[in-house]
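The values are calculated or read from the model by the stated rules, or taken from the named source; none is laboratory data. Everything numeric in this text was worked out from a predicted model, so none of it was measured. Quick reminder, even Gly has a Cβ in these numbers, built from the backbone with ideal geometry, and neighbours come from all protein chains shown.
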Amino acid sequence: MNHKLTPSTAALLTIPPLLWAGNAIVGRLLRDAVPPMTLNLLRWTIALVILLPLGRAALQSGSGLLSNWRRFSMLGLLGIGLYNSFQYLALQTSTPINVTLVASGLPVWMLLVGSLFFGVKARARQLGGAVLSIAGVLIVLSRGEWSELLALRMVAGDLYMILATIAWSFYSWLLMQPGDPARIRADWAAFMLAQVIYGVLWSGAFTGIEIAAGSAPVAWSWPVIAGLLFVAIGPAIIALRCWGAGVQRAGPSVSAFFVNLTPLFATLLSSAFLGETPQLYHAVAFALIVGGIVVSARR
């Protein structure tokens, strides 16, 4: 199939990184008002309510939602439960700029997970791109000071974000595996709803553990409610829908480049809303990560 990157397709693929960057900003702003596991549960519960009428095909008899519970449960655990929980945990101690830059090292973990667990060997050019991406991530983790890296001084949030990207790597590879019920797979809302249903169950379990550990209650306010609505509607539903439509038009290889707009948008938004001034090492890390994606994606 021939893919063409038109202005409308480029717009579709630019919306998700902007919203994902906004998710990091809002998660940082809400860190003192909503515990991270609770934030993730509330976010996806709202998304579940919105998706119910849109993806009702998943709830119909014989849809495969229950008979394929192992697959949807695993997708919900990795893509909704673990990834988003780790991201909000990361934002407790790390900045949105660092979190999104570390997440840009995703291609490295995709190569490793694909090679080790799914039998897809990496090519030499992909390995070269991985080296560049790793260098960019190391610059973020070291804050531009190699002495910090040598001393293994890392913010806990950076480690949580690495775990999040590993979870997303497994999630992405599992998405490519066959076996989804035809009725659910053919409907984007039904396919998303099937994952969210199980993801909310996992998120509820994690929140229960968080509460049992003595987390503070939610400090409700109108800004908190507005933030919850944004992360549920924008980064969760709208972003995934635009991303899916854009990938169908442009193809996965071209679309992958747009993911790296996320740390750029996070830098701009952090400067505007959090007063966090970007540093030179952020620009160097971003250039290395983008360079790694370009090299690994070339044929």
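Couple of notes before you dig in:
- Residue in region 71-80 that is among the hydroxyl-bearing types (Ser, Thr, Tyr) and over 18 Å from the mean Cα position of the chain (by Cα) present: no
- Which numbered condition Leu59 misses (of (1) surrounded by fewer than 22 Cβ atoms within 10 Å (Cβ to Cβ); (2) under 21 Å from the mean Cα position of the chain (by Cα)): (2)
- The requirement of being more than 21 Å from the chain's Cα centre (by Cα), of a type outside the set (S, T, N, Q) and closer than 23 Å to Phe118 by Cα is not satisfied by Pro223.
- Within region 161-215, the residues that satisfy the criterion of being of a type in the set (S, T, N, Q), crowded, with 21+ Cβ neighbours inside 10 Å and closer than 27 Å to Gly119 by Cβ are Thr165, Ser169, Gln195.
- Filtered by the rule that a residue be free of Cβ contacts under 8 Å to residues at least 24 places away in the same chain and either among the hydrophobic types (A, V, I, L, M, F, W, C) or touching a Cys at 6+ places or on another chain (Cβ under 7 Å) (or both), region 60-90 gives a lone residue, Leu66.
- Top-ranked residue in region 81-96 [being in a helix (DSSP H, G or I) and over 14 Å from the mean Cα position of the chain (by Cα); ranked as farthest from Val284 (Cα to Cα)]: Gln92
- In region 40-70, of all residues being of a type in the set (Gly, Ala, Ser) and in a helix (DSSP H, G or I), the one that is farthest from Tyr83 (Cα to Cα) corresponds to Ala57.
- Every pair of residues 6+ apart whose Cβ atoms lie under 7 Å, when the first sits in region 167-191 and is free of Cβ contacts under 8 Å to residues at least 24 places away in the same chain and over 23 Å from Ser85 (Cα atoms) while the second is among the hydrophobic types (A, V, I, L, M, F, W, C) and part of a helix (DSSP H, G or I): Arg185/Phe191
- Considering Thr277, Thr267, the condition of being part of a helix (DSSP H, G or I) and either modelled with pLDDT under 95 or in contact with a Cys (Cβ under 6 Å, 6 or more places away or on another chain) (or both) is satisfied by Thr267 alone.
- Members of region 17-39 found to be part of a loop (DSSP other than H, G, I, E, B) and charged (D, E, K, R), listed by number: Arg31, Asp32
- All positions within region 98-138 that are at pLDDT below 75 and either hydroxyl-bearing (Ser, Thr, Tyr) or not in a helix (DSSP H, G or I) (or both): Ala122, Arg123, Ser133
- Here Thr9 qualifies as surrounded by fewer than 24 Cβ atoms within 10 Å (Cβ to Cβ), in contact with a Gly (Cβ under 8 Å, 6 or more places away or on another chain) and among the β-branched types (Val, Ile, Thr).
- Any pair with Cβ under 7 angstrom, 6 or more apart, that starts in region 235-264 at a residue that is within 10 Å of Ile15 (Cβ to Cβ) and at pLDDT below 80 and ends at one that is of a type in the set (A, V, I, L, M, F, W, C) and crowded, with 19+ Cβ neighbours inside 10 Å: Phe258/Leu13
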